[in-house]
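The values are calculated or read from the model by the stated rules, or taken from the named source; none is laboratory data. Owing to the predicted nature of the structure, the values given are computational and were not obtained by experimental measurement. All Cβ positions, even for glycine, are placed from backbone atoms using ideal geometry, and neighbour counts span all protein chains on display. Only protein heavy atoms, including side chains, enter the accessible area calculation; ligands, DNA and RNA are left aside. Shrake-Rupley method; radii C 1.70, N 1.55, O 1.52, S 1.80 Å.
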Amino acid sequence: MVEKKRMTEYVMDLIRIDSLSRKEREVGLRLKKDMEEIGGECFFDNAGEKVGGNIGNLIVRIRGNRSNAHPLFLSSHMDTVGPGEGIKPRIEDGVIKSDGSTILGSDDKSGLAVIVEVIRTLKERNLPHGDIEIAFTICEEIGLLGAKYIDTSKFRSKYGLVLDSSSPYHLITKCPSAEKLNFNVYGLEAHAGVCPERGISAIKIASEAIYNMNLGRIDFETTANIGSIKGGLATNIIPNYVQIEGEARSHSEEKLRRQVEHMKKCFYDAASRYKLSLEDKTYSGRVEEKIERSYDRMEVSERSKIVGLVSQSVKNLGLSIEYIASGGGCDANYFNKNGIECANLGTGMKEIHTVKEYLVLEEFYRAADILLEVIKLNAMTR
């Protein structure tokens with residue numbers, strides 16, 4: 001029922017607008033213009049100021065034509081990962097790709113386009129719908145920051161959908177908790193050629209810690225990663241400082257706690273093995289830690305209102321859907337925490353966060369069909 005050609009052209013237009021995290025202004029202004037033309041009431045919140053960005057979350061309200069229907073919440077994020085500037089999308093064999101030098105940005109421009117096209121279709125065809133509240137968020141890719149700082153008290157909706165995952169044949173109802181880990185490792189600088197025995201290498205301490213660390217897939221609920229290492233000044237200096245950034249995620253709070261403690265222990269144990277006495281003074285390896293909760297786990301019951309709406313909608317369309325757990329977080333983690341029960345519906349994006357990313361058009365259209373049916377069904381149920 002949606003206009004596939006228009007929808008395709010629109011997502012390609014959005015993809016061409018650069019919108020790295022904290023730089024979403026241009027895509028936000030485009031969405032505001034388009035939503036106002038459709039009849040939406042729009043404003044930007046102050047989340048951008050809180051995260052050092054150039055614009056806030058775009059909040060949109062679409063007034064319904066069924067006054068007794070419960071309001072429905074929808075969301076997708078405006079930012080992309082890098083390399084995400086100067087993207088050149090093209091259609092090939094039923095998919096949209098970039099030229100291979102950048103990501104595509106279907107994560108999450110496809111979600112934005114699905115929402116806009118569905119709202120256009122509702123209005124053009126005067127289809128039944130209640131009030132629809134939309135959050136086009138910023139900075140999802142760098143810690144769900146837009147959703148973290150959104151004021152959910154501004155919304156009347158108690159349930160809804162985030163469109164920010166791979167396949168419309170899957171509905172994500174579970175996402176893990178995540179911790180961000182920062183370790184500063186300190187050694188002792190010395191000339192690497194003249195007197196290396198007078199130094200303690202912070203890089204060597206960090207290397208031993210990471211070597212002894214359980215990383216990757218820990219178990220079916222838990223993952224961990226070291227993603228960034230920064231340190232050292234020159235090849236002829238024993239490095240006295242290195243900074244390491246990592247993360248741990250789990251659907252189990254106990255497993256997450258154990259994994260974080262394990263990673264911390266690896267650093268402290270490695271540092272404790274390095275001591276050096278010089279001129280009656282003892283120097284030791286040293287570690288400073290900073291552990292921050294990135295987001296809390298979410299678990300949406302299969303008996304919830306939103307899962308029921310999606311389930312009935314796919315049946316109405318003669319389709320099927322599987323409820324799954326994801327290893328990644330999404331804005332729905334924060335929305336659920338703050339009282340809006342949300343599941344995450346896929347839009348056809350594949351190989352995300354890589355230059356091989358592509359969008360399967362058939363699945364892209366399928367996501368729009370499902371969302372449209374959800375909105376119509378919501379207008380008829382209490």
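The set of residues in the stretch 301-329 being under 17 Å from GLU221 (Cβ atoms) and of a type in the set (A, V, I, L, M, F, W, C) consists of ILE324, ALA325. Can you say whether LYS154 is open to solvent by 30 Å² or more (accessible area, probe 1.4 Å) and under 15 Å from ILE375 (Cβ atoms), as far as the supplied structure shows? Criteria not met by LYS154. Pick from the stretch 352-365 the residues that are open to solvent by 70 Å² or more (accessible area, probe 1.4 Å) and within 12 Å of ILE96 (Cβ to Cβ): which of them is nearest to the chain's Cα centre (by Cα)? Within the stretch 352-365, the match that is nearest to the chain's Cα centre (by Cα) is TYR358. Listed here are the strands (runs of 3 or more DSSP E) enclosed by the stretch 189-251 that have at least 1 residues being at pLDDT 95 or above and either touching a Cys at 6+ places or on another chain (Cβ under 6 Å) or open to solvent by less than 30 Å² (accessible area, probe 1.4 Å) (or both): 222-231, 241-250. Note on the stretch 37-138: enclosed strands (runs of 3 or more DSSP E) holding 3 or more residues that are within 23 Å of ILE370 (Cα to Cα) and open to solvent by less than 20 Å² (accessible area, probe 1.4 Å) are 58-62, 72-77, 132-137. Here the stretch 157-188 is the region considered, the condition is being of a type in the set (Ser, Thr, Tyr) and not in a loop (DSSP other than H, G, I, E, B), and the residue that is most open to solvent (accessible area, probe 1.4 Å) is TYR186.
Here is a check on your reading of the model: is GLY146 assigned to a helix (DSSP H, G or I), closer than 22 Å to LEU74 by Cα and touching a helix residue (DSSP H, G or I) at 6+ places or on another chain (Cβ under 8 Å)? Taking the combined requirement at face value, the residue satisfies it.
Looking at VAL260, VAL287, VAL307, which one is within 30 Å of THR381 (Cα to Cα), open to solvent by less than 80 Å² (accessible area, probe 1.4 Å) and not acidic (Asp, Glu)? Answer to the check: VAL307.
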